[in-house]
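Participant: Got a structure for you, written out below as structure tokens; questions coming shortly.
The values are calculated or read from the model by the stated rules, or taken from the named source; none is laboratory data. This one's a predicted model, so the numbers in the text were calculated from it and none came from an experiment. Neighbour counts run over all protein chains shown; Cβ positions are idealised from the backbone, glycine included. Keep in mind that these areas ignore ligands, DNA and RNA; they rest on the heavy atoms of the full protein, side chains included. Shrake-Rupley method; radii C 1.70, N 1.55, O 1.52, S 1.80 Å.
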Amino acid sequence: MANPSPGNSITLRVEAPSSFSATSELAAAVGAAGAAITALDVTESHHETLVVDVTCNTTDDEHAARVKDALNALDGVKVQHVSDRTFLMHLGGKLEVVPKVALRNRDDLSRAYTPGVARVCLAIAEDPAAARNLTVKRNTIAVLTDGSAVLGLGNIGPAAALPVMEGKAALFKQFANVDAWPVCLDTQDTEEIIMIAKAMAPVYGGINLEDIAAPRCFEIEKRLRDELDIPVFHDDQHGTAIVTLAALVNALRVVGKKLSEVKIVVSGVGAAGSAIIQLLKAQGARHIVAAGRSGAIHSGEQYNDEHRAWIAANTNEEGFSGTLHEALKGADVFIGVSAPHVIGEEQVASMADKAIVFAMANPTPEIDPSIASKYAAVVATGRSDFPNQINNVLAFPGFFRGLLDAGASDITPEMLVAAAEAIANRVADDELNASYIIPSVFDPHVASDVASAVAAAAHAAAATAAASTATDAAGASADTEAAAFANA
């Protein structure tokens, strides 16, 4: 299935004989080797030779080596150097700190730092809530990981996770103007992670948990939500669930089916799978079968994991106990958040008419999308080189923008649904088709639409909570008055 990808882009500096056909011969050799040329630049021209930078997308390191060999095999051609463009982008990291205020003279320094800064410190000491307006807290979140479940790479540790967290922080800034900073912890102890997150919370307006393995991630998120006064969002769970729901809403519009009626099979019951199931249930899905490595989750089995136990109690009403492959027979929707190649052509062919397949394992999906598309009406993946990319970047920047703008301290299911609806609605009726069920991550309106929807849901939740508190207070006052009257 592997296609040339920008993630494996290289630039080869090539010395070639000076002729009118030199560049076309280089391009033909690269194409014959299966790479996709994206640029070809003559950087030097001499009386006998040309130096040409050939940039192309490959599938992996071995493919890049074949491209180099193909060029070297040309008569008079020599590859001088090969640069990996992805590694070049990461040299020195992808983030920097830039002051928002100019420090040009003593006057500026006296207000930004000592002695003037002391007045601001005292104001915050007197009213801690003032930190939200007078520090970076109002627009800054922590992207926090322990490196235990990074992308599809597994437990590679905090240092190796840092490039991913830098990338997330860059996306926050690019798409929603949220300042984010990677926090990679050199511990995978649940209590230590919770303690550290709580200790550093005064700096941040929210915490985005990232790439923490299940089931530990569930307890960490729950405890931090209970014990902190800032929102805590686990992107692998809720970000994935939001975008999956948005894509499914539109996919069902394409095939003319209803969420409450379709049979949905979910492969993977970790962080993402559990959150997807919960959000689908909240939206009215009634026929869900979830499958792990050992087959379908069902109420006839006992599970030590409370999340699998919840899935067993709230899905699969018929008590199906077979394999993933067996579950797919007659299913309308497949949602994969598991592992490469767990289903094949036969399984997709056995699904219902106008089936929907979301194969979201990264970087290698549960099934080759080109094979799935032979039978399924709508196919989506997590990859950028196929149509219908289900990408969390559609959700998390705008979601946190909305939380920060609303000054929210908690996250509710209504906010998740509002975000999903905002994303789905970015695809207009006249744009919707089997290859376009989800907007582009570069749609400039997505983040702002999500932010507005989340902020509105947060304000509504706050208003409901305030009304409930007022009602409780009024009831308590009435009880007190009644008791006083009775005693009199």
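Participant: Here are some residues: Ser409, Ser384, Ser373. Which one is without any contact (Cβ under 8 Å) to a residue 40 or more places away in the chain, open to solvent by 40 Å² or more (accessible area, probe 1.4 Å), over 15 Å from Val446 (Cα atoms) and of a type in the set (Gly, Ala, Ser)?
Facilitator: Ser373
Participant: What tally of residues in the range 221-245 results from selecting those that are out of contact with any strand residue (DSSP E or B) (no Cβ under 6 Å at 6 or more places or on another chain), open to solvent by less than 10 Å² (accessible area, probe 1.4 Å) and among the aliphatic types (A, V, I, L, M)?
Facilitator: Final tally of qualifying residues: 4.
Conditions tested, residue by residue: (1) in contact with a Leu (Cβ under 8 Å, 6 or more places away or on another chain); (2) within 14 Å of Val14 (Cα to Cα); (3) of a type outside the set (S, T, N, Q); (4) free of Cβ contacts under 8 Å to residues at least 12 places away in the same chain.
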position: Glu44; (1), (2), (3), (4): yes, yes, yes, yes
position: Thr49; (1), (2), (3), (4): no, yes, no, no
position: Asn57; (1), (2), (3), (4): no, no, no, no
position: Lys68; (1), (2), (3), (4): yes, yes, yes, no
position: Val77; (1), (2), (3), (4): yes, yes, yes, no
position: Thr86; (1), (2), (3), (4): no, no, no, no
position: Met89; (1), (2), (3), (4): no, no, yes, yes
position: Lys94; (1), (2), (3), (4): no, no, yes, no
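Participant: Is there a residue being of a type in the set (D, E, K, R) and in contact with an Asp or Glu (Cβ under 7 Å, 6 or more places away or on another chain) anywhere in the range 255-265?
Facilitator: yes
Participant: Please count how many residues of the range 280-331 are in contact (Cβ under 8 Å) with a residue 60 or more places away in the chain, open to solvent by less than 10 Å² (accessible area, probe 1.4 Å) and in contact with a helix residue (DSSP H, G or I) (Cβ under 6 Å, 6 or more places away or on another chain).
Facilitator: Here the count works out to 1.
Participant: Filter the range 24-51 down to the residues that are open to solvent by less than 60 Å² (accessible area, probe 1.4 Å) and touching a strand residue (DSSP E or B) at 6+ places or on another chain (Cβ under 6 Å) and list them by number.
Facilitator: Leu26, Ala27, Val30, Ala35, Ala36, Ala39, Leu40, Thr49, Leu50, Val51
Participant: Select from the range 412-433 the residues that are more than 22 Å from Gln278 (Cβ to Cβ), touching a residue at least 60 places away in the same chain (Cβ under 8 Å) and open to solvent by 40 Å² or more (accessible area, probe 1.4 Å) and list them in ascending order.
Facilitator: Answer for the range 412-433, where residues must be more than 22 Å from Gln278 (Cβ to Cβ), touching a residue at least 60 places away in the same chain (Cβ under 8 Å) and open to solvent by 40 Å² or more (accessible area, probe 1.4 Å): just Asn433.
Participant: While we're here: Give me a count of the residues in the range 255-311 that are β-branched (Val, Ile, Thr) and assigned to a helix (DSSP H, G or I).
Facilitator: Adding up the residues that qualify gives 4.
Participant: Okay, next question. Can you name every residue in the range 19-75 that is outside any strand (DSSP E or B) and among the hydroxyl-bearing types (Ser, Thr, Tyr)?
Facilitator: Answer for the range 19-75, where residues must be outside any strand (DSSP E or B) and among the hydroxyl-bearing types (Ser, Thr, Tyr): Ser19, Ser21, Thr23, Ser24, Thr59.
Participant: Then there's this: Kindly provide the set of residues from the range 332-356 that are open to solvent by 40 Å² or more (accessible area, probe 1.4 Å), more than 25 Å from the chain's Cα centre (by Cα) and within 14 Å of Val266 (Cα to Cα), ordered by number.
Facilitator: Within the range 332-356, none qualify.
Participant: Just for the range 232-269: of the residues that are within 22 Å of the chain's Cα centre (by Cα) and of a type in the set (Asp, Glu), which one is nearest to Ala169 (Cα to Cα)?
Facilitator: Selected residue: Asp235.
Participant: Of all the residues that make up the range 389-401, how many are more than 21 Å from Val150 (Cβ to Cβ) and open to solvent by 10 Å² or more (accessible area, probe 1.4 Å)?
Facilitator: 1
Participant: Oh, and also: Identify, please: which residue in the range 89-106 is in a helix (DSSP H, G or I) and open to solvent by 90 Å² or more (accessible area, probe 1.4 Å) and is, among those, nearest to Thr59 (Cα to Cα)?
Facilitator: Checking each candidate, the answer is Met89.
Participant: Confirm whether Thr187 is closer than 13 Å to Asp146 by Cα and hydroxyl-bearing (Ser, Thr, Tyr).
Facilitator: For Thr187, the condition - closer than 13 Å to Asp146 by Cα and hydroxyl-bearing (Ser, Thr, Tyr) - is met.
Participant: Kindly provide the set of residues from the range 441-463 that are farther than 16 Å from Gly239 by Cα and part of a loop (DSSP other than H, G, I, E, B), ordered by number.
Facilitator: Phe442, Asp443, Pro444, His445
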